[in-house]
Amino acid sequence: MLLFLVVPTLIAVGTGFFDTSGAFTLDTVAALGNPVVLGAFGNSFALSALTSVIGALVGAIACYGLLGARPDGALRAVVDSLSGVLAQFGGVMLAFAFVATIGIQGMVTLFLRDTFGVDIFADGVWLYELPGLVLPYLYFQVPLMFITFMPALQALKPTWAEANATLGGSRATYWLRIAGPVLAPSFLGSLLLLFANAFSSYATAAALTSQGSQIVPLQIRSALTSETLLGRENLAGALALGMILVMVVVMAGYSALQARAARWQR
Amino acid sequence: MTVVREAGATGDGTRGVSRRGRPGPVARGGVAHAPSRAVRALLLGGIGLFFLIPVVAMVEFTLRKGLGGGHDASRWIALAQGGLTGQYRQVLVALGNSVGLAVGTVLIVLLLLVPTLLLVHIRFPRLRRVMEFVCILPISIPAIVLVVGLAPVYSLLSRLAGSGVWTLAFAYGITVLPYAYRAIQANLDGVDVRTLSEAARTLGAGWGSVLFRVLVPNLRRGILAGAFIAVAVVLGEFTIASLLSRVNLQTALVVVSKADPYTAVIFSLLALTFAFLLLLLIGCLGAERTRPRRRRPIGGRP
């Protein structure tokens, strides 16, 4: 436990502050100000923000759609396990799936080209660059949203809707004035969790892009495996430090929101 | 907890977990705020389609006949007819590695986590918040960050214990900790462990038989679910193995995909199906709690 969690984290963060000879330095941390690194953080932020917002909205709609299904029914069982597989197991295999779907020879690419004469890669192949990550990321963000948000939606008491109806409220009143405020902390919390998930995800991007490092996890990969940047070995540590800082802020927000959301989930 | 149980609690272990954390399925059918049938079909159909297309595309991809066009199942047949012995041997080796790692990780989790959780639950309830914090912590540390720090640890470890792939099980033990913890703790909360163990002790059982004949049978759903989720997570792990240059199923798939994408996609489909079935099984285990089951003879585990 100590050796494999605490020590690695400390080393990861610590190496950011030391140079190769072991002396304390802030130079490697200053490397976080490097335009390339800043660009990678910017890309990571943009990608995570975009996929978490879309993923949260679509996921919430899916939760709403499944609200009527019996919680112990077959439909829910299948959707639950599918979400688990896609949210936690996918990684590399999602990259394959999207190469088969919208790769240069992908099913959808060929279909659009042959049937409608639309070439989705008219401006160059974007699947293996930053924009190409959006769809595969959504493919695991939506299921994660389902997993984290469904319990909150399920905790809505039918009596609230009935009380609303008895008092003459419409469906809109119910969702805007009752369910909305109750669900808001859960929704924002799940949104943050999705953001953290996208921000720290590595496998899909690594399998999809073998060259270039547009996002921070790929920057860490090239910093760890590169042999050309002599004297910059600790850049990986500095990048890790940057990631941890982001994660701490996001997860702190998440647990604060979660605590607020828990009031209604009893 | 309200479930008071008869002294012969070693028997039907399933009854202790009748309470769930979430509200039960009481009258959930007629939720007043649920969407109408048509809206529901529309929403789920649309989202389902987005999720179905890539899977269909994967299947279609593996059935392609090559440059000439057309489809057949020749790749699947070739693979089923012992194609694994030839150039795909590395996948088989990698699969063996991953399965071994999964077993190792499950052992680590079961041998360390279950006794620790029980001890905290029975003897040191005040440590529970600390335990929870520590167990959930790995979720907020990205694997890619963990790898940066694990690299020096593993370079030391390879000097001490060799660079065998099995050493990864320690790192995986950390990454599956949050999932296993949640599964087991949820079960633990539903069972009155203290009363059970006190009852067993009063009747003259030693701690060993309390653990193996009373507590473990009562917790077997949580333990099984935790073990399954650990297997799923380990089989899907890529980041740590790839950056520490160890071979497991996922890294081998990436290597194979560069030479023969069809086979890589076939293996991916198989792995995804396997994980899906595994999680479905966990779901069924959880759902069974609420349903009445037929009685079983004494002795939770053979």
Net charge of Cβ neighbours under 15 Å - reference B:THR239; Lys, Arg +1; Asp, Glu -1: +1
Sparse-neighbourhood loop sites, trypsin sites (Lys or Arg not before Pro) in region B:92-193 - DSSP loop, at most 14 other Cβ within 10 angstrom: B:ARG123
Shielding by partners, peptide A:179-191 (average Cβ within 10 angstrom, other chains): 0
Table column - 3J(HN,Hα) (Hz), region B:174-186, Karplus curve with 6.51, -1.76, 1.60, x for Gly and Pro: 6, 5, 8, 3, x, 5, 5, 4, 4, 4, 6, 5, 4
Per-q log10 I(q)/I(0), region B:87-288, q = 0.08, 0.15, 0.18, 0.19 Å⁻¹ (Debye; single scatterer per alpha-carbon; no solvent): -0.33, -0.98, -1.24, -1.32
Per-residue Cβ neighbour rank within 10 angstrom, fewest leading, A:ASP114, B:ASP189, A:ASP80: A:ASP114, B:ASP189, A:ASP80
Packing-based exposure ordering (other Cβ within 10 Å, fewest first) of A:VAL37, B:VAL109: A:VAL37, B:VAL109
Placed amide H near B:GLY236: partners under 5 Å, 5+ positions off or other chain: none
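All of the numbers you see were taken from the coordinates with simple rules; none came from a lab. All values derive from a computational prediction rather than experimental measurement. Positions of Cβ are generated from backbone atoms using ideal geometry, with glycine treated the same way; all protein chains shown enter the neighbour counts.
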